[in-house]
Amino acid sequence: MNSAKELVTQQLFFRRELSERVGWLVGVRWVAVAAALISAWVLRLWRFDLPIAPVVGVVVAMTGYNLMFAIVVRRLRRITPDHQVPFQICAHAQILCDLAALAALIYLTGGFYSPLTLFVLFHIILAGILLDPIYAYLYACMGILGIGLLGYLQAVGALAPHTRLFEHAIYHVGHSPRENGVLFIILATAYLITAYLVTTVKLSLRAKGRTLLRFGKELDAANTKLTALYDMVKQMAFCADYQELMDSATQNTARIMGVKACSIKLLDEQRQTLRFASNYGLSQNYLAKGDIDISKSPINQRIIQGAFYTIGNIEEKDYFQYPENVRQEGFSSMICLPLKVEKRVLGVFCVYSQARFNFTDADVDFFALIAELTALAMQNLKSELNKSWFLQKAAHQLRSPLNAVDSMLKVLRKAYAGPLNDRQAEMLAQCERRIESLSLTIQDLLKLGIKRADTAPAELRQISLAPLLAQLSAVYQTQAKEKGVHLAISLESGLPAIMGEEKLLDDLYTNLLSNAIKYTPAGHQVQVTLAKEDPKRLCLQIADTGIGIPQDQLPRLFTEFFRAENAKAHTDQGTGLGLAIAKEAMDRLRGTLHIESREGEGTRVTCYFPIAA
Amino acid sequence: MDKANDILIIDDDRDLVHSMRIILETKPYTIRTAHNGKEGYHRVEEKIPDLIILDVMMATDTEGFDLAYRLRNQERYRDIPILMLTSFTQKMVETGADKFQHIMGEEWPVNKFLEKPIDPDVLLKTVEELLRGE
């Protein structure tokens, strides 16, 4: 933080305080005016001998100058709200006027012996609050002089104040000079002590105010930095490319840390060299030095072992493999930290500044936080990329031979390799369908793996469900018959269309139906029904009298690769992906899927599809 | 057409190449084949084909594209129509284009994509269109 700028804001803060207080004084004076009037009236009621006309005169004068000050303060606030001097003058003027009015009241209530001499204290306090400490003492001395002079003039008979008010009180005419002297000293001491106390308290309050103000600024700066860091992390989270992520990290870090340059160096597999992977603000010349041999760079060696390095003045140290380059670049101080996730070091993260001793401990801590988050983001993206690369590769490897087989089948079926009879053509068509369904499953596996997080909604269109299901069921009729399972399919005709997508419906239905047949022993049955549930939904039910699912395993059914114990015992076939894919498909179709089951009795899967509007 | 069109098929999947050969030989085409990018480039150097059918992923994920760009960057070979085979759907290639773009440059170096598995009728139709210059 720039200290001159800080001073200005600080002064502004205290000036505003003065302008507020000066206005407040005007307000307090209205109360004083009212109090003076009421007191005068009460004293009269109680038959005190008070010269009412002059007192009222003083009160009228107070009202007058207070009105004036009210206007002046308002105007000052409008014209020069941030200038201190006019408000200071205004404060002096107010105190002086008040002292004059007080002097008049003191004169009217007994002069030197008037108890109102105590009220001088208020003005000393006000001066202490509003003005510099010296003025509290100045006004205290003025009070002492005034009271002393009054006492002297009264004693020599040069002034004859109105003394009958407290004739029988402690203060009455005729004290000896010795007593008068004691009274004067007590008053004078009270004035001075008040001035001392009020200025001391004020100075300590002001010091606290400054500290608070500084804390406020620091908090503000920290908040700005953290917000910038948050934005940086958010930006990194959206990066799909490793280089893009690191470039975003170096650029943002240089900006947030307010430094000239920033770099990320990555460690090679053998952990022997560091390669500049991303930089911001470094010259080509600097980068041209190439990879850093760790065995020749003690500083990098230490960092890779986990040490933080802050160098205040690069000139003094002998850390670098290429000290000339560092000097040429004009860097004087730097922080270098390991980029690491848990204990694994990915590389070295540095910020470079041209100023000497530019970094405080707080800066190092903050940079360490940035480094930690950056390393996490890098690690995260890397594992994402690995996963997606693996799945793509796996899917490609699986699909390539299938595509070849499929292409060859098509060549055969379409008689490019010679004529076929109808039976052969039909069987080849069946082969093609099966191959296609396998190929689609592989595609789904890929989709399930990579696109789980894909938030883009499926493109649904109006589909008539019954014909599609009938078509999809054909393969399974044969399968069920071969197994000896009775497959009864009852699809109501004339049902309204639903919003769907063929492939998703295929995923859903074929997975559910093949499951039902797979887990139903010979002689049992599978019943498929499609009907209208209510005006808004169609209901598809696939019920079997098969092996069922144990109650305790029902909650895990949609977990990928999960297969219930009795299912595994029943058949080796099955990847445990079917229901996960079906569920994923149903979610994308925006329908709902319920499974009820009892072990040994059977399973009923119910799907609800929203009817197209 | 006076002389048979010369079609060069470059794909590392020999079975698929064989299938395509069977399909294309039902028409008066001369078929040459190659099983990787390098071999394919040699075949092009030997004789400029009228059409190249090229697979995207061979030994590397982008071998097909690498060859396509190499050909597109040379005056002599720039105008050879290329039909690219992919096991991605057309849509995936299009939406995933930006993943390749920063390596490859601005424009796709091929005339048309054809999705695997290969449908003989579609292959013949596409080849005819490309040879006609559509």
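The values are calculated or read from the model by the stated rules, or taken from the named source; none is laboratory data. Remember, predicted model here, so these are calculated numbers, not experimental data. Reconstructed Cβ throughout: ideal geometry from the backbone, glycine too, with neighbour counts over all protein chains shown.
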Using beta carbons and a limit of 8 Å, which pairs, at least six apart or on different chains, have the first residue in segment A:291-304 and within 13 Å of A:L339 (Cα to Cα) and the second one among the charged types (D, E, K, R) and assigned to a strand (DSSP E or B)? A:N300/A:K265
Scanning segment B:15-35 for residues that are loosely packed, with under 15 Cβ neighbours inside 10 Å and away from chain A (no Cβ under 13 Å) gives B:P28
Looking at segment A:503-519, is at least one residue under 47 Å from the mean Cα position of the chain (by Cα) and assigned to a loop (DSSP other than H, G, I, E, B)? no
Among the candidates A:G281, A:G258, A:G290, which residue alone is at pLDDT below 85 and either on the phi > 0 side of the Ramachandran plot or within 30 Å of the chain's Cα centre (by Cα) (or both)? A:G290
Within segment A:395-423, the residues that are in contact with a helix residue (DSSP H, G or I) (Cβ under 8 Å, 6 or more places away or on another chain) and more than 13 Å from chain B (Cβ to nearest Cβ) are A:L420
Residue check for A:K260: of a type in the set (K, R), crowded, with 21+ Cβ neighbours inside 10 Å, touching a strand residue (DSSP E or B) at 6+ places or on another chain (Cβ under 7 Å) and touching a residue at least 12 places away in the same chain (Cβ under 8 Å): no
Cβ pairs under 6 Å, 6+ apart or interchain, first in segment A:224-239 and without any contact (Cβ under 8 Å) to a residue 40 or more places away in the chain, second surrounded by 11 or more Cβ atoms within 10 Å (Cβ to Cβ) and small (G, A, S), ordered by first then second residue, are A:Q235/A:S248
Could you tell me whether A:A362 is more than 13 Å from every other protein chain (Cβ to nearest Cβ), in contact (Cβ under 8 Å) with a residue 24 or more places away in the chain and closer than 30 Å to A:F349 by Cα? no
When every residue in segment B:36-65 that is within 14 Å of another protein chain (Cβ to nearest Cβ) and of a type in the set (A, V, I, L, M, F, W, C) is compared, the one surrounded by the most Cβ atoms within 10 Å (Cβ to Cβ) is B:I53
Tally of residues being part of a loop (DSSP other than H, G, I, E, B), modelled with pLDDT of 85 or more and surrounded by fewer than 13 Cβ atoms within 10 Å (Cβ to Cβ) across segment A:556-600: 1
In segment A:255-284, what residues are part of a strand (DSSP E or B), hydroxyl-bearing (S, T, Y) and more than 19 Å from A:F366 (Cα to Cα)? A:T273, A:S278
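Every residue, every condition in (1) modelled with pLDDT under 90; (2) farther than 27 Å from A:C431 by Cα; (3) surrounded by fewer than 16 Cβ atoms within 10 Å (Cβ to Cβ), yes or no:
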| position | (1), (2), (3) |
| --- | --- |
| A:K447 | yes, no, no |
| A:A456 | yes, yes, yes |
| A:I463 | no, no, no |
| A:A470 | no, no, yes |
| A:G484 | no, no, yes |
| A:L487 | no, no, no |
| A:S493 | yes, yes, yes |
Here is a list of conditions, (1) part of a helix (DSSP H, G or I); (2) within 14 Å of chain B (Cβ to nearest Cβ); (3) crowded, with 16+ Cβ neighbours inside 10 Å, and A:A377 meets all of them except one; can you say which number that is? (2)
